[in-house]
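Colleague: Pasting a structure below so you can have a look.
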Amino acid sequence: MEPFLWLLFSAGGVLSALLIPAMLFLFGVAFPLGWVSPPGHAHLSAVLGHPVTRVVLLGLCVLALFHWAHRFRYALSDGLQLKHLDRAINLFCYGGALAGSAVAGYLLLAAW
Amino acid sequence: MADRITLRVTRYRPESDTEPAAREYEIPLRKEWSVLDGLNHIKDHLDGTLSYRWSCRMGVCGSCGMTVDGEPKLTCATFLSDHAPGPVRVEPLSNFPVVRDLVVDIGDFMRKLPRVKPWLIRSEQEAPAEGEYPQLPAERAEYEQFSMCINCMLCYAACPVYALDQEFLGPAAIALAQRYNLDSRDRGASERMDVLSEAEGIWACTFVGECSAVCPKDVDPAGSIQRYKFTAAMESLKTLLLPRGMR
Amino acid sequence: MSEKSQYTQFHPRWYRRRVPVFWWLRRPSYLLFVLRELSSVFVAWFVVFLLLLVNAVAEGPEDYRRFQDWSATPGMLLLNVVALCFILLHAVTWLFTLSPHAMVVRLRGRRLPPALIGVGNLVAWMLASALVAFLILG
């Protein structure tokens, strides 16, 4: 199991390093502060309407969540020395990533 | 430059002390003196009971590793003048049980090392080659960096994963396994994989990177572990996806 | 640290130091490591933020406007500025220190030095960011 979790973690690490900074800067900081004028609803709707956009975003969400799960698991078990709670930690982290992936899949594919 | 410097050396005498305590020694400060020279001065002139390990004084034997001002260092390659005006803290390497004063027990590593089979493995059925197994310079360059390891244990002392879990195989052992895995003459990669890819092998490493930062020989154990994670992950993918015959 | 000392005649009493709970405060590099690992929490937060945005856009212009107002509240702004700092820490460490040492890239049979891989990652990061900005801003 470990090798596959690591592959998901790594792929998530690469994707989030490449894509998240620009998106978070724009939507989280630049638009709210008015540094850049935000795109209208029609434009965003059109971009998100393209299936490729949504598949890429779904990939980003799933892999980023597994990236979080892997790192957070080690942060808890090593950083806080909770190795004896490994089972609970794994369930929380990877279970959380799975649940989040399901929500992302619903919002990006089924509900659109 | 002041002509004297204080070494604050950790002493532990198991027959009388319950725990280690620091003791200060004032020694001459000379430009060309390493911390090891300072310890030798103490041993020869101030206190003959001080125990520590050393041998070559030139960074090849790997026996004089200690913690100098909180950092794992080869004391023969760490100069007093770089730590002036002092006092300079000299402690045993972290993460190992202390036998006496500055001497630690590295038996744990010595038991782990043979598990990764750090030697050239060829098939037993195969007759030995007529003469030598030739190797191109480029093939040699693949593993040369990892062959520089002198087993000084600075990487184990710097590794928080090893500090927290002594079952972890550890940086030097994995780097030395890679030294043979990447050798064009070796055929033992699959034999080593079982040990390397268990939970307490490569997967326990969280890439803190301190092992590579403290390595006096630029072996880069952290890099070797991550590279091996990729190799092991690809092998696992192959086992999962490809039918038996094509692996 | 596990207490597994084997007492022998020659080692009457080994001394083992315990690892303090806040071991990662002892060295700057350990602290940086823990911060790097904590960046993953903000990666997860971004996924939540992104899904809320997607949902708002899907619901219509009214919800999208509400999302914009909500993301401009001081609390959200502060959270996202902190998140951006951690995401940048993640991107910089991942692209320039971690992956250059973990990846082996060969060009004509020769292994590229880590610094060159870092340059390649920088170019990829710039291109990806430009593409994202182009798609969002139109």
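Every number in this text was worked out from the coordinates using simple rules, so none of it is lab data. Just so we're clear, the structure is a prediction, and the values are computed from it rather than from any experiment. No Cβ is skipped: glycine too gets one built from the backbone with ideal geometry, and neighbour counts run over all protein chains shown.
Colleague: Might you list the cysteines of chain B that have no disulfide-compatible partner by the rule of another cysteine's Cβ under 4.7 Å?
Modeller: By the Cβ distance rule, which asks for a partner under 4.7 Å, the isolated cysteines are B:Cys64, B:Cys76, B:Cys149, B:Cys152, B:Cys159, B:Cys205, B:Cys215.
Colleague: Run the simple label-point estimate for A:Phe4 and A:Leu85 please: 7 Å along Cα→C-beta, distance reported in nm.
Modeller: According to this spin-label approximation, the distance is 2.7 nm.
Colleague: Could you calculate, for the stretch A:8-112, the ratio of the Cα radius of gyration to the Kirkwood radius, expressed as Rg to Rh?
Modeller: Expressed as Rg/Rh, it is 1.07.
Colleague: Points 7 angstrom from Cα along the Cβ direction at B:Glu139 and A:Ser45: gap in nanometres?
Modeller: So the two model labels end up 6.6 nm from each other.
Colleague: Once you compute Rg and the Kirkwood Rh from C-alpha atoms, what is the Rg to Rh ratio for the stretch B:134-205?
Modeller: 1.02
Colleague: Further question: Amide H of B:Arg89 versus every other amide H placed in the peptide plane: which residues, excluding those fewer than 5 positions away on the same chain, fall under 5 Å?
Modeller: For B:Arg89, the qualifying residues are B:Arg8, B:Asp69.
Colleague: Semi-axes of the equivalent ellipsoid of chain B: what are they in whole Å, largest first, if each equals the square root of 5 times a C-alpha gyration tensor eigenvalue?
Modeller: Calculated on Cα positions only, the semi-axes equal 41, 19, 16 Å.
Colleague: Length gain on complete extension for the stretch B:Arg57 to B:Met148, per 0.36 nm per residue less the alpha carbon to alpha carbon distance?
Modeller: 31.1 nm
Colleague: Before rounding to the nearest 500, sum -39500 (n - 2.57) across all DSSP H runs of length at least 4 in the protein assembly as shown and divide by the residue total; then give [θ] at 222 nm in deg cm²/dmol.
Modeller: So the calculated ellipticity at 222 nm is -15500 deg cm²/dmol.
Colleague: If we count other beta carbons within 10 Å of each Cβ, what is the order of B:Ile174, B:Ile106, fewest first?
Modeller: The most exposed by this proxy come first: B:Ile106, B:Ile174.
Colleague: Another question, then. Quick one: which of C:78-85, C:130-137 comes out on top by average Cβ neighbours within 10 Å, and what's the full order, highest first?
Modeller: C:78-85, C:130-137
Colleague: What is chain C's relative contact order, in percent, from Cα pairs under 8 angstrom and six or more apart in sequence?
Modeller: Taking the mean separation of contacting Cα pairs over the length of chain C, I get 17 percent.
Colleague: Between A:Trp112 and C:Arg106, take the C-beta separation as r, use R0 = 56 Å, and let me know the FRET efficiency to the nearest 0.05.
Modeller: 0.85
Colleague: For B:Arg13 and B:Thr239, compute 0.36 nm times the residue count separating them, minus their Cα-Cα distance, and round to one decimal in nm.
Modeller: The span from B:Arg13 to B:Thr239 would gain 76.0 nm if fully extended.
Colleague: Enter the per residue convex hull volume of chain C, computed from alpha-carbon coordinates, in Å³ rounded to the nearest integer.
Modeller: Value for chain C: 213 Å³ per residue.
Colleague: Relative contact order of chain B, please, whole-number percent, based on alpha carbon pairs below 8 angstrom and at least 6 residues apart.
Modeller: 17
Colleague: P(r) for the protein assembly as shown: what percent of alpha-carbon pairs falls in each 20 Å bin, starting at zero?
Modeller: Percent of Cα pairs in each bin: 20, 45, 28, 7, 0.
Colleague: What whole number of Å gives the distance from the Cα centroid of the stretch B:187-247 to the Cα centroid of the stretch C:78-118?
Modeller: 19
Colleague: Note the angle between two axes, namely the Cα long axis of helix C:61-71 and the longest principal axis of the Cα atoms of chain C, as a number of degrees from 0 to 90, rounded to the nearest 10.
Modeller: Tilt relative to chain C: about 40 degrees.
Colleague: Would you work out the charge dipole size for chain B about its Cα centre, treating the Cβ of every Lys and Arg as +1 and the Cβ of every Asp and Glu as -1, and quote it to the nearest 20 debye?
Modeller: Using Cβ point charges on Lys, Arg, Asp and Glu, chain B gives about 240 debye.
Colleague: Also, I was wondering about something else. Considering every residue in A:70-82, what mean count of other chain Cβ atoms within 10 Å of its Cβ is obtained?
Modeller: Mean partner-chain Cβ count within 10 Å for A:70-82: 6.
Colleague: Let me ask something else. Would you give the gap between the C-alpha center of the stretch A:8-86 and the C-alpha center of the stretch B:62-103, rounded to a whole Å?
Modeller: If we compute the Cα centre of each part, the gap is 44 Å.
Colleague: Cβ neighbours within 10 Å, averaged per peptide: list C:53-59, B:63-69, B:12-18 in order, most packed at the top.
Modeller: Sorting C:53-59, B:63-69, B:12-18 by mean packing, highest first, produces B:63-69, C:53-59, B:12-18.
Colleague: So who's got an amide H within less than 5 Å of the one on B:Ala22, skipping anything under 5 residues away but keeping other chains? H placed 1.01 Å off N, in plane.
Modeller: B:Arg11
Colleague: OK, next. Taking the Cβ-Cβ separation of C:Arg26 and B:Glu130 as r and a Förster radius of 56 Å, what is the calculated FRET efficiency to the nearest 0.05?
Modeller: 0.50
Colleague: I've got another one for you. Of the options B:Ser123, B:Leu102, B:Val88, report the single residue whose Cα projects farthest towards the positive end of the charge dipole of the stretch B:40-135 (beta-carbon charges: Lys, Arg +1; Asp, Glu -1).
Modeller: B:Leu102
Colleague: Rounding to the nearest 10 and keeping the result within 0 to 90°, find how far the Cα-based axis of helix C:114-137 lies from the longest principal axis of chain C.
Modeller: 30
Colleague: Once you average over the residues of B:133-140, how many Cβ atoms of partner chains fall within 10 Å of each Cβ?
Modeller: The mean count of partner-chain Cβ atoms within 10 Å per residue comes to 0.
Colleague: Right, something else. Give the cross-link partners of A:Lys83 among the aspartates and glutamates, using a straight C-alpha distance below 17 Å as the criterion and excluding same-chain residues fewer than 8 apart.
Modeller: A:Glu2, B:Asp165, B:Glu167, B:Glu198, B:Glu200, C:Glu3, C:Glu37
Colleague: Next question. Kindly flag which residue pairs out of B:Lys73/B:Lys229; B:Lys73/B:Lys112; B:Lys117/B:Lys238; B:Lys73/B:Lys238 have an alpha-carbon separation exceeding 32 Å in this structure.
Modeller: Over 32 Å apart, Cα to Cα: B:Lys73/B:Lys238.
Colleague: May I ask you to derive the relative contact order of the stretch A:2-110, considering only C-alpha pairs under 8 Å and at least 6 residues apart, and to give it as an integer percent?
Modeller: Normalised by residue count, the contact order of the stretch A:2-110 is 35 percent.
Colleague: Using only atoms on other chains, find how many Cβ atoms lie within 10 Å of each Cβ of peptide B:69-81 and report the average.
Modeller: Per residue, the average neighbour count from other chains is 0.
Colleague: Here's a follow-up. Can you give me the orientation-averaged projected area of the convex hull built on the Cα atoms of the stretch B:102-247, in nm²?
Modeller: So the Cα hull casts an average projection of 10.7 nm².
Colleague: For the stretch B:4-104, what are the per-bin percents of Cα-Cα distances with bins 5 Å wide, up to the bin holding the maximum?
Modeller: Going from the shortest bin to the longest, the percentages are 3, 14, 26, 27, 20, 8, 2, 0.
Colleague: Turning to a different aspect of this structure: Which order do peptides B:116-128, C:61-73, A:4-16, B:184-196 fall in by mean Cβ count within 10 Å, highest first?
Modeller: Ranking, from highest mean packing down: A:4-16, B:184-196, C:61-73, B:116-128.
Colleague: To continue, here is another question. If R0 is 56 Å, what FRET efficiency do you get for C:Arg17 and A:Val52 from their C-beta distance, rounded to 0.05?
Modeller: Step by step, r from the Cβ atoms, then E = 0.50.
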